[in-house]
Amino acid sequence: MNGAATEPGWAHRLAALSLLLLVGGALYLAVDQALIGRYRYYQSSLEQHQGRLAQLERMAGTREPVQQLITKIQQDRNVTAQYLPQSAPALAAAELQQRLKAVVEAAGGTLQSTQALPPVEEGGAVKVAISATMNGDAGSLQKVLYDLESQTPLLFVDNLELSARATRPRLPSGRYATYTRMQLNVQFEISGYLRKEDG
C-alpha cells in the first residue's frame, strides 16, 4: 500500500505529459516565430538589394548613350554659339557694355551708366554680368529688352527696377506741350556666360 501511494497515478502522469507537451509546443512556437521573423527580414532585405541592383544595372546601361549625348552637345556649334565669344571675363564685360550702348541708342533711349560686376563660376561656365541704368519711354524699354534677349549669344536680364515720372516734352517752337509722357528710369543687370577653359 505504501508503494501504491508513492507511485503517481495515471492522472498525474497525463498532467505531467500534457504540461511537458505544452511547454515544448510553446518553446517550439517561440523558436519558430523567431526563425520565421528572421527569414522574412532577410527575404525583404534581399528583395530590396535585388531591386537596387536592377536599378543600378539600368543606370549603367544608359551611361554610354548619355555620355555620347553630352559629347554631341559639347561639340554642337549651336550650343557653342550661345556662349560669349571672348576669352576673358573683362573682355566679355566690355563687349556687353558696348553692345548695350548700341541697343539702347537704337531704341531711342539714353544709357546713363554701366558697371562690370565680378564674374561668378556656375557649373561649367563663368557668368559675366554688368549693371546698367538707362532712361527712355516704355517703347524704348520694350525694344531694348527684346533685342537683348533675342540675340545670340544668350543674354539674360535680371534685377529690373524702374521708376516713372510724367514729363511735358518741349515742342519745336520752344513751348512745352499740353500733354505728358512717361519717362522711365530703368536699372537692370545683363549677364551672359563664358565657357570655362577646362569645361
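Please treat every number below as a calculation from the coordinates, not as lab data. Owing to the predicted nature of the structure, the values given are computational and were not obtained by experimental measurement. Ideal geometry is used to build each Cβ from the backbone, glycine not excepted, and the neighbour counts take in all protein chains shown.
Before moving on, here are some points about what is shown:
- Around the Cα centre of segment 43-199, unit charges on the Cβ atoms of Lys, Arg, Asp and Glu (plus for the first two, minus for the last two) sum to a dipole of about 720 debye.
- In this label model, Glu189 and Glu149 are separated by 1.7 nm, measuring between points 7 Å along each Cα→Cβ vector.
- Rounded tilt (10° steps) of 138-150 against the dominant C-alpha axis of the chain: 60
- Subtracting the Cα-Cα distance of Val23 and Ser113 from 0.36 nm times their residue separation leaves 23.0 nm of extension gain.
- The candidate values are [x] -0.38, -1.05; [y] -0.57, -1.12; [z] -0.26, -1.13; the one derived from this structure for log10 I(q)/I(0) by the Debye sum over Cα atoms at q = 0.08, 0.17 Å⁻¹ carries the label [y].
- Helix-only CD estimate at 222 nm, as mean residue ellipticity for the chain, using -39500 (n - 2.57) per DSSP H run (n ≥ 4): -18500 deg cm²/dmol
- Rounded to 10°, Cα long-axis angle of helix 10-75 versus longest principal axis of the chain: 20
- Residues considered: Ala132, Ala16, Ala102. Largest GNM mean-square fluctuation over the chain, using C-alpha springs under 10 Å, is found at Ala16.
- As a length-normalised measure over Cα pairs under 8 Å and 6 or more apart, the relative contact order of the chain settles at 19 percent.
- Choice from Asn159, Asn135, Asn185 with maximal GNM fluctuation in the chain (Cα, 10 Å cutoff): Asn159
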